[in-house]
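The values are calculated or read from the model by the stated rules, or taken from the named source; none is laboratory data. Every value quoted in this text rests on a predicted model; they were computed, and no experiment measured them. Methodologically, a virtual Cβ is constructed for each residue, glycine included, from the backbone with ideal geometry; neighbour enumeration extends over all protein chains shown. Surface accessibility is based on the protein's heavy atoms, side chains included, excluding ligands, DNA and RNA. Shrake-Rupley method; radii C 1.70, N 1.55, O 1.52, S 1.80 Å.
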Amino acid sequence: MSNSELQACVTVKTENGLYIDPKALTAHLSALHYSDDGLCMEQVSITELVKRYDTPCYVYSKQAILDVYQAYSDSFATVDHQICYAVKANSNLAVLGVLAQAGAGFDIVSRGELMRVLAAGGDVSRVVFSGVGKTFGDIEYALTQGIGCFNVESISELALINEVAAQLDKIAPISLRVNPDVDAKTHPYISTGLKDNKFGIAHEDAVAVYEQAAGLSHINIVGIDCHIGSQLTEVEPFIAALDKVVELIHKLGNKGITLQHVDLGGGLGVRYIDETPVSIAEFAAALLPKLSELGLKVFFEPGRSIVANAGVLLTRVDVLKPTEHKNFAIVDAAMNDLIRPALYQAEMAVIPNILPNKGIETDGTQPWDIVGAVCETGDFLAKDRLLSLSTGDILAITGAGAYGFAMSSNYNSRPRASEVMVADDRHQLIGKRETVEALYANESLWQE
Ligand code: LLP
């Protein structure tokens, strides 16, 4: 099926809003399908999960996670490589555990993420530590545990790592995160490889900083790293970034600085509704010729592409509020559970648990804004979706496995949702719904 045919069968844009064909959408998501009982993830019915775990609830497919991990592994099989799953996308212990068992490395940005990786059975020597603001404590903890590599983002960080390593009498493995000044052509909030972003060391300064690093007593230069943004749907920006990195690797070689690995970061996009991102196999085919020539071990740090479409957020329609200008469906999930639509104007698909027997052209279908109960106008999960709704209906927001629960908060004193993992016909609670009492358990009244 061509890309345009694919889009046409998944979505219909009308004057009123957007109709997403649930069957066509799920046909392209390996974890989901419709049975006679409604939506299922792997072999588990969503109705059953809602009865058992209530809503709002995040549900993840173990197989879908493993399938994408395997696709990365297979696609880069011809070069020595390490897939370091970006923990920030979904840091649930069960998700990390499944990936650790499959042999994944991890990309972390805090001491907290490293603690999670260790708790999940991850191999610390396969962990890379990214992030612009590593503290003395972070570095000390990571070095003590035996971190695989620090992705260094500034000269002052380099000096700090050297200092901490000297105090611990250790040698810190590092790579420099180079900012290649490449336009990732994605939402500005999730673009990281441009000159005016806070990330990385400017391409033109990189050789000088490497020379400085080479002179430090407790630093071992092992690699080079870049990450240009997230939800990239085209391969060209990755190639442009790789070209810049290759140029630097050659310059460093001429100065006698040799590397063991090249880390191309994460960022491969996914299909939320009708996007047509380059597939992992196409991505690999485009990069492999240049990568093979380098002869270095290749690292990637994918987050979203591994977990996004392995997960859904289940929510119940509590109130239907048609008004003169807009129809609002107020659901029990809100921006505190899933902030992507509010923060990035992200469009995510909303599909019903039970398929209506009617189509878009029938009377039951109307445009609805799917909103939460938080006191903010920005609290919406989707806008102008053509759906046929009744109160009590269960909806699934797809693509919610990445940056969903991980970015959730307790705004409006709302406990965070439960999380469930499904494997074949089994399901397990992997994250218990918070209690309201737990939200203020660490607070205390002012004592006169
Ligand atoms: N490596 C580094 C250094 C990163 O900063 C990121 C993401 C990744 C890897 C993983 O990128 P991915 O493969 O997931 O695109 N909250 C936003 C996305 C923020 C991404 C930040 N960095 C969203 O929901 O769209």
Mind checking which pairs have a first residue in the range 403-416 that is at positive phi and a second that is of a type in the set (A, V, I, L, M), Cβ under 6 Å, 6 or more apart or different chains?
Tyr403/Ala89; Asn412/Val374; Ser413/Leu439
Only helices (runs of 4 or more DSSP H) wholly contained in the range 1-83 count here; list those with 3 or more residues that are open to solvent by 50 Å² or more (accessible area, probe 1.4 Å) and within 28 Å of Gln101 (Cα to Cα).
62-75
If only one of Ile228, Ile190, Ile201 is under 24 Å from the mean Cα position of the chain (by Cα) and modelled with pLDDT under 90, which one is it?
Ile190
Any residue that is open to solvent by 10 Å² or more (accessible area, probe 1.4 Å), among the aliphatic types (A, V, I, L, M) and within 16 Å of the ligand (Cβ to nearest atom) - is there at least one of those in the range 344-352?
yes
Applying the selection to the range 117-160, what residues are surrounded by 22 or more Cβ atoms within 10 Å (Cβ to Cβ) and within 20 Å of the chain's Cα centre (by Cα)?
Val117, Gly122, Val127, Val128, Phe129, Ser130, Asn151
Which of the residues spanning the range 211-232 are crowded, with 16+ Cβ neighbours inside 10 Å and of a type in the set (Ser, Thr, Tyr)?
Ser230
Find all pairs meeting these conditions: Cβ atoms under 8 angstrom apart; at least six residues apart or on different chains; first residue within the range 199-213 and more than 11 Å from Pro180 (Cβ to Cβ) and of a type outside the set (Gly, Ala, Ser); second residue more than 16 Å from the ligand (Cβ to nearest atom) and open to solvent by less than 30 Å² (accessible area, probe 1.4 Å).
Val207/Leu248; Val207/Leu252; Val209/Leu158; Tyr210/Ile221; Tyr210/Leu252; Tyr210/Ile257; Glu211/Ile257; Gln212/Leu158
Being touching a strand residue (DSSP E or B) at 6+ places or on another chain (Cβ under 6 Å), more than 16 Å from the ligand (Cβ to nearest atom) and either among the basic types (Lys, Arg) or open to solvent by less than 10 Å² (accessible area, probe 1.4 Å) (or both) narrows Asp369, Asp393 down to just Asp369
Just need a number here: residues in the range 296-312 that are in a loop (DSSP other than H, G, I, E, B) and away from the ligand (no atom under 12 Å from the Cβ).
1
